[in-house]
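The values are calculated or read from the model by the stated rules, or taken from the named source; none is laboratory data. The structure displayed is predicted, hence computed values, not measured ones. Because the Cβ atoms are built from the backbone with ideal geometry, glycine has one as well, and the counts that use them run over all protein chains shown. Surface areas here come from the heavy atoms of the whole protein model, side chains and all, with no ligands, DNA or RNA. Shrake-Rupley method; radii C 1.70, N 1.55, O 1.52, S 1.80 Å.
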Amino acid sequence: MSSAQLDALEKKEELECDPVRQKLGTPLRPGARILSFDLCGSDTVVLGLSSHQAKAANLTTRECTAAAAKHGGPVTAVAVLNESYTVNGSRIALSASWDKIVKVWPVDDPQNTLAVLTGHSDFVKCVAVHPTLPIVYTGSADKSIMFWRLPESLETLTQSTTPQEIAPFKTVKGQHTGQIYAMCLDPVSAQV
């Protein structure tokens, strides 16, 4: 056995004996830096990546989908709508980017952009979703928070060959002196 093979065998044995590695498992390797993530059920995670794309990954197999929602800048935030909002049986994800937009897409088909939320004048830094309604909240480097209403039936978004452009129904601007980096939504009162 060569020294390289012995080293590989030793490393494998170390990993198998490492209690932290056994508890946490093998890390995901999406090929780019993970900037954000959101769980989608018990075995899927949606990832926002520095490589200008968002992907879904299976937590059991540790595999990322080959398909991706592509953006014009790093994907700084992702979110998943609750399980009552689906398209053709697939949960719906949102990805926010430095390209100033938020894309809405089925987790099972990331390349199929259903809608685009436009209105921010600078990087979109964060996204949050209402726990029971198809309402989305975004924060940006433009110092604003925008509120978006998706259609009650997201199946209507599949009837067009091009993504539907959705404008915000409310904008909060002038109350922040700096960029909006993060938002938290109270799951009980659904307030930002």
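Only protein atoms count toward the accessible area here, which uses a 1.4 Å probe; on the range 44-94, the carbon and sulfur part of that area reaches 48 percent. Non-local lysine pairs in the chain, meaning eight or more places apart or on different chains, with alpha-carbon distances under 19 Å, amount to 20. Entry note, the chain: relative contact order of 13 percent, from Cα contacts under 8 Å with a spacing of 6+ residues. With semi-axes √(5λ) of the Cα gyration tensor in Å as the read-out, I listed [x] 35, 19, 16; [y] 24, 21, 18; [z] 23, 21, 14; which label goes with the value calculated from this structure? Derived directly from the coordinates: [x].
Along its principal axes, the range 127-192 has C-alpha extents of 41, 28, 16 angstrom, given from the largest down.
Could you report the range 130-192's accessible area per residue, 1.4 Å probe, as an integer in Å²? Mind dumping the intermediate values first?
Numbers: 3790 Å² over 63 residues.
On a per-residue basis, the range 130-192 sits at 60 Å².
Compare 162, 177, 138 by solvent-accessible area with a 1.4 Å probe and give them largest first, with all protein chains kept in place.
Values: 162 85, 177 135, 138 0 Å².
Order by accessible area, largest first: 177, 162, 138.
I need to check one value: relative contact order of the range 147-192, counting alpha carbon pairs closer than 8 Å and at least 6 residues apart, in percent. Relative CO of the range 147-192 lands at 33 percent.
Amide H to amide H distances under 5 Å link residue 53 with 71, 75, where only residues 5 or more positions off or on other chains count and H is placed in the peptide plane. Each other residue within a Cβ distance under 9 Å of residue 69 adds +1 if Lys or Arg and -1 if Asp or Glu, for a net charge of +3. The long axis of helix 3-17 is offset from the longest Cα principal axis of the chain by roughly 60 degrees. In the chain, helical runs assigned H by DSSP with n ≥ 4 each contribute -39500 (n - 2.57); averaged across all residues and rounded to the nearest 500, the mean residue ellipticity at 222 nm is -3500 deg cm²/dmol.
For the peptides 43-51, 74-82, the ranking by mean Cβ contacts within 10 Å, running from highest to lowest, is 74-82, 43-51.
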